[in-house]
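Below is one structure, written out as structure tokens, with a few remarks after it.
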Amino acid sequence: MVSKALVSKLAGFSSCEVADALIKLKLPHGGYLPGIDMYSPQFMSGQTSICGPAFTMVDQRDTNAPKPPTHFVDAAEPESVMLISTPPTTRSAIWGGLMTARAQSLGVRGVVLDGRCRDLGEHRASAFPVFARGHSILGQSPFTRPSQLQIPLEIADPSVPMGADGKSAFPPVTVYPGDLLLADVDGVVSVPQDLVEQVVEHATHGRAVDGLCMQDLRAGHAIQATFAERRGKAKH
């Protein structure tokens, strides 16, 4: 389990800074969960940022799939970020206003949906962070139902075509329970638990270098010369 102090340090960075750090650590996808955008408290706007351990759930239509012993929101852990995945062809929502009300009462920091949300006005009135692949007017029932909790979830971009080898052109991200999710206006990134400390280190260095680059560029320096001067030194 990642310490609260380390979670707090990671939360100080943007999703872009964290993704850059993960690329430096040789994760080919940079932890990026593509196509999932901020819908609440505002749509793709504002300073909202959430960071916390993933509480995972898969939503399936298979009547033979396992069923959780309790409602999935009731099972959520305080200070977690809920991650819910549904089949990519699903056009109904998997998260609504009543779920937001319960999640807030439990101290959940926000929800990331590999699927759709609805009741946008209720989420926004509650200022509850909702990140989703889309939205719908349809509720969950009778289209899908919750299945397993706290299992690894593979999040792939359904808009990316499969290659001749049967693999996606952009590698999917596997999120394990307890991995850290960070989401802001730029998107959502997943950080494996065992890399959090290294990510903080790389992101700290990257922020300092980018700050110097911005200073030079605002002073009228050329990009190529600035990058050579600032990024070409002290590789991290």
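Every number here is computed from the coordinates shown, using simple stated rules; none is lab data. Keep in mind the model is a prediction, meaning the values are calculated, not measured. When we count neighbours, we look across all protein chains shown, and the Cβ atoms used for this are built from the backbone with ideal geometry, even at glycine.
In percent, how large is the relative contact order of the chain, given Cα pairs closer than 8 Å and 6 or more residues apart? Rounded, it is 29 percent for the chain.
Model label points for residue 89 and residue 151, set 7 angstrom from Cα along the Cα-to-Cβ axis, are 2.0 nm apart.
Once every DSSP H run of n ≥ 4 in the chain is given -39500 (n - 2.57) and the sum is divided by its residues, what mean residue ellipticity at 222 nm do you get, rounded to the nearest 500 deg cm²/dmol? Intermediate values should be presented prior to the final figure.
Working: 6 runs with 65 residues, N = 236.
After summing the helix terms and dividing by residue count, I get -8500 deg cm²/dmol.
Number of Lys-Lys pairs in region 4-193 with C-alpha atoms under 27 Å apart and a separation of 8 or more places or on different chains: 6.
Given a Förster distance of 25 angstrom, what is the FRET efficiency for residue 218 paired with residue 169, based on the Cβ-Cβ distance and rounded to 0.05? It would help to have the intermediate numbers written out before the result.
Values: r = 37 Å, r/R0 = 1.47.
Here the calculated transfer efficiency is 0.10.
Between the alpha-carbon centres of region 16-52 and region 144-175 there is a gap of 17 Å. Measuring between their Cα centroids, region 56-121 and region 198-226 lie 39 Å from each other. With semi-axes defined as the square roots of five times the eigenvalues of the C-alpha gyration tensor, the equivalent ellipsoid of the chain measures 33, 19, 17 Å, largest first. Net charge of the neighbourhood of residue 113, taken over other residues with C-beta under 11 Å away and scored Lys/Arg +1, Asp/Glu -1, is 0. Determine the sum of side-chain charges near residue 17: Lys and Arg each +1, Asp and Glu each -1, restricted to other residues whose C-beta is under 9 angstrom from that of residue 17. Summing Lys and Arg as +1 and Asp and Glu as -1 gives -1.
A simple spin-label model places pseudo-atoms 7 Å from Cα toward Cβ; at residue 62 and residue 210 they are separated by 4.0 nm. Within region 1-46, the trypsin sites (Lys or Arg not before Pro) that combine a DSSP coil assignment with at most 11 other C-beta atoms in a 10 angstrom radius are 26.
Any idea what diffusion coefficient region 32-109 gets from Stokes-Einstein, in µm²/s, Kirkwood Rh on alpha carbon pairs, 20 °C, 1.002 mPa s? Working shown, then result.
Values: Rh = 14.2 Å.
Calculated translational D: 151 µm²/s.
For the chain, with the dipole built from +1 on Lys and Arg beta-carbon atoms and -1 on Asp and Glu ones, taken about the Cα centre, which of 220, 105, 11 lies farthest toward the positive end? Positive-end residue among those listed: 220.
Neighbours of residue 39 by Cβ distance under 11 Å: Lys/Arg scored +1, Asp/Glu scored -1, total +2.
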